[in-house]
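These notes concern the structure reproduced below.
The values are calculated or read from the model by the stated rules, or taken from the named source; none is laboratory data. Computed from a prediction, not measured in an experiment: that's the story for all the values here. Cβ placement follows ideal geometry from the backbone for every residue including glycine, while neighbour counts extend to all protein chains displayed. Just the protein is used for accessible areas: all its heavy atoms, side chains included, with ligands, DNA and RNA removed. Shrake-Rupley method; radii C 1.70, N 1.55, O 1.52, S 1.80 Å.
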Amino acid sequence: MFNNEADAPGGSINVTSTSRNTADVTPFLLRDETDTHRFSFEPVLVNNENHPDNSVSGKIVYEVKGKGDSIFPSQDDQKTISKKDIRKGDSLELTLRTEEARNLYEGLRKLYQLHETIGGISYGRTTYVELDNASRSLLQLLRKDPSAARMISTDETFALIKELLRLLTTGTTHTELQAILGEMEDGNLQQLASGLNLEQMKRAAKEIEANLQNGDEEFWQNKVFIKYQWLISQIFSTPYTLYDSKSYVGGKAISNAGGNIADFIFQNKITSNISIVEIKTPRTKLLGNRYRNSSFSVSGDLSGAIAQVLSYRQSILNEFANIRISTGESFEAFNPQCVIIIGNTSELEGSNGSFDRDKLSSFENFRNCLTGIVVITYDELLQRVKDTVALLDSEPPENVSNPGYAVSNTRLQNAYDDDTPF
């Protein structure tokens, strides 16, 4: 049931079908195994027709063997204590330490990603290898749109594509895959990475633009900003990356009630300082009613979002030490910047389709006077992505030689390395 290669980080995952809609998967450890104790999760992949996103089930197994025993109870088909054995008046508790909860999260994340990638359950036993982001995105791109291969023009890169497809089906280890990629020339890898970055950005821009009338906050949090985690980093002028989502930032009373949960926490890759991000929707109002002649008040949603992120920031500053100790995470909180993504500037337009100057000035004057808080609308974020796409998608000037353009393109790519998806 367990083997060293499958349990190691970056190792292969074995999937063995047990029916048309279910398959057993390589178990993974929640805690480092000792001579006598093992704490693991035994997953099952499921083709769930009613709820396709709910594609993983399984059981948490904690087992103990004697020092003289050669195998654990589960390896000897011994009876396991489970929920079915609990009767009235009984209680069953399995406490997860922070590293155990993290290992469970990471393992489940990979399984959901695996099920989405393979699109179902194949008959028999299949071994899959976890690929890096660029390789995985390439395979997904070609599976959804084979004609996209036209963006790659060299024979060497086509050979890489065929090799990646072979690796996916034969179970070559992550280390071997990296060695193969390491043999590729820098120019070809650069071309491949740039093409993938560009395609991912175009898809993100298309999805945002198609949903600017979507008022479902959960959609934006889970289907957009989790899927395209690099989107929010476009807002920062320094290299930030996603640190956590739905994070506890303090504020609980002694009764353990009333804790503050931020939508996203981003972290500076260099200094470890964090920023707080609050997500509303493109349909959330920016302005309220007209106030006297040429001014508008801000909406209750916008002012409420500002009060909310300020409360989160104060909670973090008040309980910084306790949060760091209780979570075991490493971060800094030096006057954290707050970001609110909300609304659409189309709300500021008049009847003729151009900006109403009173509305525009009220909104701009308000947000530009805020200290430590960035307010950005969805269409502004979309425009930032489009501008980046335009830069990466531009053709070299005709009077610049290929070697010179390669250097220029590399510099441009490096400039966006912290903001692009790969």
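Straightening the chain between Ser82 and Phe219 buys 45.8 nm, computed as 0.36 nm per residue apart minus the Cα-Cα spacing.
Spin-label model, Ser351/Ser294: points 7 Å from Cα along the beta carbon direction are separated by 2.1 nm. The simple Förster model, with R0 at 22 Å and r as the Cβ-Cβ distance, assigns Thr18 and Tyr105 a FRET efficiency of 0.30. Entry note, segment 288-397: relative contact order of 27 percent, from Cα contacts under 8 Å with a spacing of 6+ residues. Between Ile118 and Asp53, the distance separating the two model label sites (each 7 Å from Cα on the Cα→Cβ line) works out to 2.3 nm. If R0 is taken as 51 Å, the Cβ-Cβ distance between Leu29 and Asn318 corresponds to a FRET efficiency of 0.90. Using the Cβ-Cβ distance between Leu391 and Arg203 with R0 set to 25 Å, the FRET efficiency works out to roughly 0.90.
Per-residue extension of 0.36 nm, minus the Cα-Cα distance of Ala307 and Asp69, leaves a gain of 79.7 nm for this segment. Taking each of Lys88/Lys110; Lys285/Lys386; Lys223/Lys269; Lys65/Lys269 in turn, the alpha-carbon distance tops 31 angstrom for Lys88/Lys110; Lys65/Lys269.
Rounded to the nearest 10 square angstrom, Ser330 shows an accessible area of 80 square angstrom against a 1.4 Å probe.
Placing pseudo-labels 7 Å out from each Cα toward the beta carbon at Asn365 and Ala210 gives an inter-label distance of 4.1 nm.
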